[in-house]
Amino acid sequence: MLTERLLRRMGSEPTLSVDFPDSAALVTQMRPALVKYFKRKCGSNAEAEDLAHDVLVRTLTHSGWKSYEQAKGYIFRAAVNRWVDRKRRATSRGTSISWEDAAPLVQNEEITPERVLIVQQELHQVTAALQELNKRTRDVFMLIRVERMRHAEIAAMLGISVSSVEKHLVKALAHLARRATRSGETP
């Protein structure tokens, strides 16, 4: 199929060892979700297509999955990692957020050294609290709150039910609220 031809042209053979029919079925199912994810992130159809294509080619050439759900989870994790890499590269090349884009975040607050220190301390506390969560709960929280993904998308990506996604989110929020209360802040 198209995927196998593309991989052969790149000098790689598909190495799937999964229980489902073939890699083409996986690509057919996963590609639209990946394109949608990247389009929501970057706003460009062409770039979203390129990023999705890159993720699929890379994951199909380096795979060794034992189940369909494992393959789906691996591909979406690779997509998140690809997006993080893209942002990191853009930052290192001098592309960064403009002050005008960030201004609404600090509209009514004067930026003082004291305020910067307070925000840094709060960020450290939140980061420490997130590190205390198990990986799955932390991933669900980050995908919902940072990546702005829908519960159903996360459930499909991780191979769990929507109610499990909601339970992980509630667990994360409860933990963060407890930590905020312990440190003297209001949740």
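The values are calculated or read from the model by the stated rules, or taken from the named source; none is laboratory data. From a predicted model like this one, the values you see are computed outputs, not experimental measurements. Side chains included, ligands, DNA and RNA excluded: accessible areas come from the protein's heavy atoms. Shrake-Rupley method; radii C 1.70, N 1.55, O 1.52, S 1.80 Å.
Annotations
- Accessible area of the range 134-187 divided out per residue, in Å², using a probe of 1.4 angstrom: 58
- A Cα-only calculation for the range 112-171 places Rg and Dmax at 14.3, 45 Å.
- Flagged links, alpha-carbon separation over 24 Å, of K36/K87; K39/K72; K66/K167; K66/K171: K66/K167; K66/K171
- Applying 0.36 nm per residue to the separation of R89 and Q131 and subtracting their alpha-carbon distance, the gain on full extension is 12.6 nm.
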